[in-house]
Amino acid sequence: MKKSTPSTEVGNKKMDDLAPDKEIGTGEFMTTDQGLKINDDTNSLKAGERGATLLEDFILREKITHFDHERIPERIVHARGSAAHGYFQVYESMAKYTKAGFLQDPSVKTPVFTRFSTVAGSRGSTDLARDVRGFSVKFYTEEGNYDLVGNNMPVFFIQDAIKFPDLIHAVKPEPHNEIPQAASAHDTFWDFISLTPESMHMIMWAMSDRALPRSLRMMEGFGVHTFRFINAEGKSHFVKFHWKPLLGVHSVAWDEAQKISGKNSDFHRQDLWEAIETGAFPEWEFGVQLIPEEDEHKYPFDLLDPTKLVPEELVPVMRIGKMVLDRNPDNFFAETEQVAFHPGHLVPGIDFTNDPLLQGRLFSYTDTQLSRLGSPNFHEIPINRSINTVHNNQRDGHMRQQINVGKTSYHPNTTGGGCPFHAKAAEGGFTSFEERIDSRKVRARSKSFMDFFSQATLFFNSQSEAEQSHIVDALRFELGKLETPAIRERMVGILSKVSDVLAKKVAEGLGMPVPKPEEPLNHNYGADANPVDYQDQPKKQGLDKSAALSIANTVKDSIKTRQIAFLTADGVDGESVKAMKAALVAEGAQVKIIAPHGGFIKDAKGGDVKVDMSFLTAASVLFDAVFIPAGDKSVAALSGNADAVHFVNETYRHCKAIAADGNGADLLKETYVAAKLKQDKDASAGVISSDTAKGSLAKDFIAAIAQHRFWEREKKDKVPA
Ligand code: HDE
């Protein structure tokens, strides 16, 4: 039996406590929860073979009782998540700005556990919902756990935590019929939003491609609030946190997202799992924007306002370290479900600001764990344990693991030799930043928070043509789903405060004129706090556009982990398959052979080619690009195969790279692509055949896949698929 751990030994630096049980399969006997060996787990105890089951059957009762209680309440928000273990390393000491121990020594690897999530959907909902993504990192530092609980968008819908329950009630399925699941396209959400103009900047992000990541590995993360770094001398800098994915930021099309939700609702979860299993470890650089304390009021926005970002053009992001996720969890429930994040889990050297959204969060997270995990001892669950030894006078409660020894559970004491002692700052004790507060007690909002539109405008103006048209389409979709015309009208009216062009285009799609924005716009804080019309602010500030806000400007230099579909049938040219596969795999991409049936197909020389997926189990939306190998018989078969033709059309519709080797191009003639190719350059972007390739076909195809998407193909009408 494992020896129980006395209080002084909870947690340990090597994190052995996080090690999973030995895997089953090493010859152990089945036992009850009390360790009694079981000799039959297939039949319950009965009065005769055909008799009634006996209440005495404690083995049956124990098993069913445990099963009855296997679920805990799902998170009220961010219920659906996927997570992984890894480590963080700082590039060079940040001592100048912060004394945080894990940001000092480049040779130290700090273990992390990172959980990504959607916000609105339930635990079993789809990964590809249009939604914000949670991006939570637990750093197991030597000074205790530090949690950076952020999102993949740098701003938020509301400015004050007191509105959070309203926001979430509005976006969750409507309470009378629990419809729709994991979707914001319904009356209550847009009713709330149209009455909450401070949400407009976040709405731009949520309606943009950022809400539809191609992969959790290909999205940015943000701390959202302004925090503080404090150095050993007690000097404070304001800091904004960023995670920059090394694979770049990439998204899918909305039509594609909806189809993926049907074809594989675990798309993101599986993608993260498989990348780590195959050794393609996801990596992010950790970035900070640092603002000296004395510059607090230098900017045309309030640093405490969580609906504002600090444009990277004004304060560049300094990349200070890297996170690598290199190990999948062993058990989803024990780790991903039971992990408990909290923005108030701090280490010395990092502190809060008075952002009223952050301040409210500091209460919420412990409170929610108490009902979700059922006990104040949730910090003892292995995934939540600090690697720094825990000593305090907190005692008892549901499911206490620690066996505290001795009679002392209070401070000050002499019975325990005065232990545990308080730690002075020099001994690593946490001391809050001594911010001067000299104020009236008011229930109010600062006038400096009242610019609701200038950064929404900046965001919209900074998007590429394709991104802007995706925002227009998203709003047409979302508002088109509303049942109450008045909400739609109020919403389009507000959009004209962000951009007249945007409002006009959305209105066109909805078949309505642009209404005048409602007066007063601000339903929340009374007439004296009506927001100012700031649409021309970005120009006035000399910042018309911010390149960092558009993912069109992201890195596009790699095809690592991209999924490439090879469309094949009997008679395929084996050499054509082999050569392209070798070229793509050498660059880190993954190839799947798709054919009309599973098992094997015969190549032109009679050799066997293993099929990975049939047209029944595959779908173009699960891939990043398509290759059509040469082969007389195979191309003829595919040309007459509706699934293959649809596959190519859909790949084209979603603006992905398509390559055809030799007579593989004949398949294109059976698709809408052929007509499009005759149109112009935009329409043929990213479609490569042996005839049109400028370099080798493989080289051109690799370059095209790295581009991710050829959105210019959408400019003209889309192909039906
Ligand atoms: Fe959260 N949020 N939140 N949130 N949040 C939770 O805590 C809350 C906010 C975020 O992977 C809950 O353990 C309030 C902003 C993430 O386990 C809960 C307010 C940001 C996660 C909670 C906010 C976040 C949560 C639910 C308004 C981005 C998932 C389960 C003041 C900076 C963590 C839980 C995980 C989870 C409350 C606003 C990020 C109820 C009251 C802003 C990534 O405590």
Out of the residues in region 363-410 meeting the condition of being assigned to a helix (DSSP H, G or I) and more than 15 Å from the ligand (Cβ to nearest atom), tell me which one is most open to solvent (accessible area, probe 1.4 Å). Pro382
Quick check, is Pro165 over 26 Å from Glu518 (Cβ atoms), without any contact (Cβ under 8 Å) to a residue 40 or more places away in the chain and either within 11 Å of the ligand (Cβ to nearest atom) or open to solvent by less than 30 Å² (accessible area, probe 1.4 Å) (or both)? no
So, in region 221-236, how many residues would count as being among the acidic types (Asp, Glu) and surrounded by 21 or more Cβ atoms within 10 Å (Cβ to Cβ)? 0
With the requirement that a residue be surrounded by fewer than 23 Cβ atoms within 10 Å (Cβ to Cβ) and hydrophobic (A, V, I, L, M, F, W, C), what does region 627-642 give you? Ala630, Ala636, Ala637, Ala642
Strands (runs of 3 or more DSSP E) lying entirely in region 565-610 (those with 2 or more residues that are under 19 Å from Gly664 (Cα atoms)): 590-595, 600-602
From the list Arg210, Arg217, pick out the single residue that is part of a helix (DSSP H, G or I), among the basic types (Lys, Arg), crowded, with 21+ Cβ neighbours inside 10 Å and in contact with a Lys or Arg (Cβ under 9 Å, 6 or more places away or on another chain). Arg210
Near pairs, Cβ below 6 angstrom, 6+ apart or cross-chain, from region 582-610 (more than 22 Å from Leu247 (Cβ to Cβ) and among the acidic types (Asp, Glu)) to any residue that is assigned to a strand (DSSP E or B) and modelled with pLDDT of 95 or more: Asp603/Val572; Asp603/Val609; Asp608/Phe600
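Yes/no per residue for (1) open to solvent by 20 Å² or more (accessible area, probe 1.4 Å); (2) aromatic (Phe, Trp, Tyr):
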| residue | (1), (2) |
| --- | --- |
| Trp243 | no, yes |
| Ala253 | no, no |
| Gln258 | yes, no |
| Ser265 | yes, no |
| Gln270 | yes, no |
| Gly279 | yes, no |
| Ile291 | no, no |
Among the residues of region 58-82, what is the count of those that are of a type outside the set (D, E, K, R), assigned to a loop (DSSP other than H, G, I, E, B) and in contact with a helix residue (DSSP H, G or I) (Cβ under 7 Å, 6 or more places away or on another chain)? 4
Selection from region 412-462 of residues of a type outside the set (Phe, Trp, Tyr), closer than 30 Å to Thr196 by Cβ and open to solvent by less than 50 Å² (accessible area, probe 1.4 Å) yields Met450, Asp451, Ser454, Gln455, Ala456, Thr457, Leu458, Ser462
Being more than 21 Å from Phe452 (Cβ to Cβ) and either open to solvent by 10 Å² or more (accessible area, probe 1.4 Å) or in contact with a helix residue (DSSP H, G or I) (Cβ under 6 Å, 6 or more places away or on another chain) (or both) is the filter; apply it to region 145-162 and report the residue that is nearest to the ligand (Cβ to nearest atom). Val149
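Each row is one residue, and each column tells you yes or no for (1) out of contact with any helix residue (DSSP H, G or I) (no Cβ under 8 Å at 6 or more places or on another chain); (2) buried (at least 18 other Cβ atoms within 10 Å of the Cβ).
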residue	(1), (2)
Ala644	no, yes
Ile658	no, yes
Asp661	no, yes
Glu670	no, yes
Val673	no, yes
Lys694	no, no
His708	yes, yes
Residues of region 345-362 satisfying the condition of being more than 15 Å from Val239 (Cα to Cα), within 11 Å of the ligand (Cβ to nearest atom) and touching a residue at least 40 places away in the same chain (Cβ under 8 Å): Pro356, Leu357, Gln359, Gly360, Arg361
Quick check, is Arg319 within 13 Å of the ligand (Cβ to nearest atom) and either assigned to a strand (DSSP E or B) or basic (Lys, Arg) (or both)? no
Mind checking which residues of region 338-362 are crowded, with 17+ Cβ neighbours inside 10 Å, among the hydrophobic types (A, V, I, L, M, F, W, C) and closer than 28 Å to Ala95 by Cα? Phe341, Leu346, Val347, Ile350, Phe352, Leu358
Against the condition in contact with a helix residue (DSSP H, G or I) (Cβ under 8 Å, 6 or more places away or on another chain), surrounded by 21 or more Cβ atoms within 10 Å (Cβ to Cβ) and within 30 Å of Phe88 (Cβ to Cβ), how does Thr196 come out, does it pass? no
For Lys308, state whether it is part of a loop (DSSP other than H, G, I, E, B) and within 27 Å of Tyr97 (Cα to Cα). yes
Looking only at region 262-314, count every residue that is within 16 Å of the ligand (Cβ to nearest atom) and of a type in the set (A, V, I, L, M) and tell me the total. 6
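The values are calculated or read from the model by the stated rules, or taken from the named source; none is laboratory data. The structure displayed is predicted, hence computed values, not measured ones. Glycine also receives a Cβ, built like all others from the backbone with ideal geometry; neighbour counts cover every protein chain displayed. Surface areas here come from the heavy atoms of the whole protein model, side chains and all, with no ligands, DNA or RNA. Shrake-Rupley method; radii C 1.70, N 1.55, O 1.52, S 1.80 Å.
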